[in-house]
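I have placed the structure first, in the form of structure tokens, so that the comments after it can refer back to it.
The values are calculated or read from the model by the stated rules, or taken from the named source; none is laboratory data. Nothing here was measured: the structure is a model prediction, and the numbers come from that model. Backbone-built Cβ (ideal geometry, glycine too); neighbour counts: all protein chains shown. Each accessible area value is taken on the protein alone, full model and side chains, heavy atoms only, with ligands, DNA and RNA left out. Shrake-Rupley method; radii C 1.70, N 1.55, O 1.52, S 1.80 Å.
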Amino acid sequence: MAIVTAASRGMGAACARELARRGYRLALLARSAEVEALAAELGAVAVRGSVTDASALEAVVAATRDRFGRIDAVVNNTGHAAKGDLLSLSDEEWHAGLDLLLLGVVRMARLVTPLMVTQGSGAMVNISSFAAAEPGLGNPVSSTLRAGLGNFVRLYSQRYASRGVRMNNLLPGWIDTYPVSPDARAAIPAGRPGTADEVARTAAFLVSPEASYITGQSLLVDGGLVRAG
């Protein structure tokens, strides 16, 4: 049984389809009505709401627990934070990014960890960004807060790995769910953007028993784009 957030399109929808293909029963959270159509396609539970809304997270966790009795996996997918000049972004934009990129994961972890600990197993993967490893001035909110998310998963793993509960970050590079500029494409050693399905297969691996000894990591899925560190 798995939860996928921001699941109505793009990488979130791809993760939902891949998990369904692997036999998971699903609960999906997203703001748009498209999540209901996807849930009908996959035989999943649909909850309308945002990852920035604590009550929406509570609702999807409660719906999953009530329907299936357990939660084995969570894919924390999100939208995109505000872009702009480093010192011109407002406090409101930084706070919105904090809710979107970091606190949503923290809140979800608070909700599902007790159940996973009781089960003796569970795994979460957070769809982050290569900006966590290679910050760019065009994305200061994402670069800063996703780096913080990297430390959160390390701390979480220190606390819960011994209880059988794992958490990792997945850091996609340029993915073809959005337009990729010629300059960005030229910088990718693999010679092309990634696909949502490639991200989804990696996410599904990270929450699976096959990855049982992987926790606290931030895994780049970027075609070789980030070469530092």
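Extension gain for Ser90 to Arg110 (0.36 nm times residue separation, less C-alpha to C-alpha distance): 4.3 nm. One chain, two ends: Thr195 and Tyr178. Fully extended at 0.36 nm per residue, the span grows by 5.1 nm beyond their Cα-Cα distance. Helix 140-160 and the long axis of the chain differ in direction by around 40°, with both axes built from C-alpha atoms. Here's how it looks for Ile3: its modeled amide H is under 5 Å from those of Ala27, Ala73, Val74, Val75, which are all 5 or more places away or on a different chain.
Ranked from largest, the principal axis spans of the Cα set of the chain equal 47, 37, 37 Å. Just Met108, Met124, Met167 to compare: in a GNM of the chain, with alpha carbon springs under 10 Å, which one fluctuates most? For the chain, modelled as a Gaussian network with Cα springs under 10 Å, the answer is Met108. Shown is the FRET efficiency for Val226 and Arg25, computed with R0 = 25 Å from the Cβ-Cβ distance and rounded to the nearest 0.05: 0.10.
Placing a pseudo-label 7 Å from each Cα along the Cα-to-Cβ vector at Asn151 and Leu137 gives an inter-label distance of 2.5 nm.
With helices as the sole contributors, the chain gives -13500 deg cm²/dmol at 222 nm; each DSSP H run of n ≥ 4 counts as -39500 (n - 2.57), and the sum is divided by every residue. The mean accessible area for residues of the chain, using a 1.4 Å probe and ignoring ligands and nucleic acids, is 47 Å² per residue.
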